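Just below is one structure, and these are the notes that go with it.
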Amino acid sequence: MMKIYRSTEILECLEELIPVYQAAFNASGEKVDRFKAQVKSAVQRCVNPVVVVLYEDGSPVGAVWGIDFVPGNWFSQQISDELPTWRNWHDGTFEVNDIFVVPERQGNGKGQELMMGLESYCADRTILLCTSRNNNGRVLDFYHQLGYEPIIDSVRLGGFDDVTVFVKYV
Ligand SMILES: CC(C)(COP(=O)(O)OP(=O)(O)OC[C@H]1O[C@@H](n2cnc3c(N)ncnc32)[C@H](O)[C@@H]1OP(=O)(O)O)[C@@H](O)C(=O)NCCC(=O)NCCS
């Protein structure tokens, strides 16, 4: 079963997503806290956060979440100068912040299902997302397979993480 949570509804599912996030990223407590803070901040800032969650036997096995790509966002501040100037990226664009599937269910189409759920929700919009360029061939393949194209080959987020930014017009 897939469920979509919007705005303040997200706070209802946040706690049950923590073990999924932790397992998928093998995340430290600090990284998990950052994730929670980011989600809560998105709710408070009213940037239309959306979380798509996949459940199996009543438990979440994966999720994807993101927000409107607006000028105040950290991601926008990091990449806006690098984006081509032929359009206003802040008009009708959605940014994906994280996608994660529990390790034991990875490679079974769950990630693809989540992205398709998100894309149905974002119909007629542009989606931007990024992923690390280092040791990340599998995730890069995942986005290519789903029709995402690189729009910025290499940019350093926060001055350190070297990422590729992908775009899809859905
Ligand atoms: C990235 C992630 C969300 C993908 O979810 P998933 O359920 O494993 O992916 P899917 O099974 O839907 O795979 C869809 C496509 O991705 C690619 N893919 C997935 N696993 C792959 C692998 N082991 N090797 C190569 N390509 C792979 C394939 O192209 C696959 O298409 P196919 O079914 O035709 O082979 C998941 O692996 C994950 O949670 N990883 C850890 C967290 C993470 O890195 N998130 C992304 C941060 S940007």
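With a Förster radius of 45 Å applied to the C-beta separation of VAL32 and TYR169, the computed FRET efficiency comes to 0.85. Taking 7 Å steps out from each Cα toward its Cβ at CYS46 and ASN108 produces label points 4.1 nm apart. If only the Cβ of Lys and Arg carry +1 and only the Cβ of Asp and Glu carry -1, the dipole of the chain around its Cα centre is close to 120 debye.
Starting with the highest mean, order 69-77, 112-120 by the number of other Cβ atoms within 10 Å, averaged over the residues of each peptide.
On the way: 69-77: 15.7, 112-120: 18.1.
The packing order, highest mean first, is 112-120, 69-77.
Okay, helix-only estimate at 222 nm for the chain: each DSSP H run of n ≥ 4 adds -39500 (n - 2.57), divide by all residues, round to 500 deg cm²/dmol; what do you get? List each step's numbers first, then the result.
On the way: 5 runs with 59 residues, N = 170.
Result for the chain: -10500 deg cm²/dmol, rounded to the nearest 500.
With a/c under 1.5 counting as rounded, go ahead and sort the range 1-95 into rounded, prolate or oblate using the C-alpha gyration tensor (a ≥ b ≥ c being the square roots of the eigenvalues; past the cut-off, prolate if a/b is larger than b/c, else oblate). Taking the square roots of the gyration eigenvalues as a ≥ b ≥ c, the range 1-95 is prolate. Shape analysis of the chain places it in the rounded category; the axes a ≥ b ≥ c from the Cα gyration tensor give an a/c below 1.5. For ASP57 and SER132, what is the calculated FRET efficiency with R₀ set at 41 Å and r taken between the beta-carbons, to the nearest 0.05? In this case the efficiency is close to 0.80. For the chain, the residue among LEU129, VAL64, LEU17 whose Cα projects farthest onto the positive side of the dipole built from Cβ charges is LEU129. What net charge is computed for the residues neighbouring ILE79, neighbours being all others with C-beta under 11 Å from the C-beta of ILE79, Lys and Arg scored +1, Asp and Glu -1? Taking every Cβ under 11 Å from that of ILE79, the sum is -2. A simple count of charges around HIS144, restricted to other residues whose Cβ falls under 14 Å of its Cβ and scoring Lys, Arg +1 and Asp, Glu -1, yields 0. Once the C-beta distance of GLU15 and TYR121 is scaled by a Förster radius of 25 Å, the resulting FRET efficiency is 0.65 to the nearest 0.05.
Read the figures in this text as sums done on the coordinates, not as results from a lab. From a predicted model like this one, the values you see are computed outputs, not experimental measurements. Heads up, the Cβs are rebuilt from the backbone with ideal geometry, glycines too, and the neighbour counts pull from every protein chain shown.
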